[in-house]
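Q: Can you keep this structure in mind? I'll have questions shortly.
The values are calculated or read from the model by the stated rules, or taken from the named source; none is laboratory data. Only a predicted model underlies this, so the values are computations on that prediction, with no experimental measurement involved. So basically every Cβ, Gly included, is an ideal-geometry build from the backbone, and we count neighbours across all protein chains shown. Note: areas computed on protein heavy atoms with side chains; ligands, DNA, RNA excluded. Shrake-Rupley method; radii C 1.70, N 1.55, O 1.52, S 1.80 Å.
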Amino acid sequence: MGIIKRTVSAKSNRSAVTIIAEGNRFYGDTTVSGKMHVDGFLEGNISSSDDISIGKTGVVSGRIRARQIFVSGALEGDVVCEELHIERGGKVRANTCCQTFTLDPQGCFLGERRLPEQQPDFSLPNDAVPGRVERLTERLGFDSGMELIDSLPDRITLSDKKA
């Protein structure tokens with residue numbers, strides 16, 4: 001008696017789930033077409049058009065781009081997503097760009113969060129002279145370098161302090 005039917009296609013309408021199990025270590029850049037769950041260790045860049053979850057024993061270090069990211073383990077690096085959810089026990093140390101951000105009272109976030117529309121283009125124009133802020137401030141619509149500095153978001157630190 002078999003559990004696999006011969007008439008079932010290898011291609012499915014359901015999205016695949018890539019799992020990095022506890023005890024496994026991966027290094028390098030990864031592109032995933034479906035969901036990804038990490039219970040092991042991954043160092044590198046991850047790009048997914050779907051969701052990424054980091055389990056309680058999971059550790060991810062690098063740049064991550066996904067639709068939703070759920071963190072119960074540890075995440076360090078740069079994050080770009082629509083929604084970032086730091087769950088109980090989750091620790092995130094990252095610069096993030098996300099529309100929705102939730103933090104469980106038992107979670108920890110250290111870093112900077114920006115909304116997608118707050119991401120300014122800091123690339124220098126082709127005719128910019130290194131060391132000259134004037135052209136950059138004009139291009140971004142500021143009268144002075146001080147206005148540019150004042151427009152930057154404040155950094156915040158949230159942590160779980162146990163008494």
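Q: Of the listed peptides 99-107, 39-47, what is their order by residue-averaged count of other C-beta atoms within 10 Å, with the highest listed first?
A: 39-47, 99-107
Q: Any chance you could run the full-extension gain for Phe101 through Ser47? It's 0.36 nm times the residue separation minus the Cα-Cα distance, nm to one decimal.
A: So the extension gain works out to 17.5 nm.
Q: Multiply the residue separation of Glu112 and Glu76 by 0.36 nm, subtract the distance between their alpha-carbon atoms, and state the gained length in nm to one decimal.
A: This chain segment gains 11.8 nm when fully extended.
Q: What number comes out for accessible area per residue over the range 57-123 if the probe is 1.4 Å? Units Å², please.
A: Per residue, the range 57-123 has an accessible area of 49 Å².
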